[in-house]
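Note sheet for the following structure.
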Amino acid sequence: MIQQFYPQVPHSYRFELNKDMHLAAAHFINDESAGACQNMHGHTYFINVTIAGDELDSTGFLINFKDIKTLVHKRYDHSLLNEHKEYEDLDPTTEVVAMQIWETIQSHLDTLSNQPKCIQVLVRETPTSYVVYRPKPEELA
């Protein structure tokens, strides 16, 4: 695997964890303005998640990497994104996928005693196109 470098998020947390993963998924955009993307097609999405925090859990983790993979990879790999509940009223554009991944991860992090925060989600749809989602500060409070 080629080492990837991603846009950095300025923050004052002690720890920063980054998890790379990829998954194969299909989608379509249900709108005439989407052009060829109206038709179902697949991507190998490359995803990077950045989680930060000041406190480690009792095992010395900010969060276990396996938990992140379960929340994202197991959920979406080899699926049609449009069939997932979170996309019932939203087209699964790359921007929306990045936002939904953030919401899923942050919801899980909110249950942890050490309270880490997901500060960035990067979703690469093609070799030349990617989206970065960063929550507003008030969404991390």
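Here Y130, Y87 are screened, and the one residue that is touching a Leu at 6+ places or on another chain (Cβ under 7 Å) and open to solvent by 40 Å² or more (accessible area, probe 1.4 Å) is Y130. The residue of region 58-84 that is surrounded by the fewest Cβ atoms within 10 Å (Cβ to Cβ), among those that are closer than 14 Å to H27 by Cβ and among the acidic types (D, E), is E83. Of the numbered criteria (1) modelled with pLDDT of 95 or more; (2) out of contact with any His (no Cβ under 7 Å at 6 or more places or on another chain), the one A36 fails is (1). Note on region 13-30: among residues that are modelled with pLDDT of 95 or more and more than 17 Å from L122 (Cα to Cα), the one that is most open to solvent (accessible area, probe 1.4 Å) is R14.
As a summary of the residue check, Q38 satisfies the conditions (1) over 17 Å from E125 (Cβ atoms); (2) of a type outside the set (K, R); (3) open to solvent by 40 Å² or more (accessible area, probe 1.4 Å); (4) touching a helix residue (DSSP H, G or I) at 6+ places or on another chain (Cβ under 8 Å) except for the one numbered (1). Entry remark, region 110-121: residues being among the aliphatic types (A, V, I, L, M) and either under 15 Å from E138 (Cα atoms) or in contact with a strand residue (DSSP E or B) (Cβ under 6 Å, 6 or more places away or on another chain) (or both) number 2 in total. The number of residues in region 55-95 that are in a loop (DSSP other than H, G, I, E, B), free of Cβ contacts under 8 Å to residues at least 60 places away in the same chain and not hydroxyl-bearing (S, T, Y) comes to 13.
The values are calculated or read from the model by the stated rules, or taken from the named source; none is laboratory data. Source: prediction; values computed, not measured. Every residue, glycine among them, receives a Cβ derived from its backbone with ideal geometry; neighbour counts consider all protein chains shown. For the accessible areas, the whole protein counts, side chains as well, though only heavy atoms, and no ligand, DNA or RNA atoms are used. Shrake-Rupley method; radii C 1.70, N 1.55, O 1.52, S 1.80 Å.
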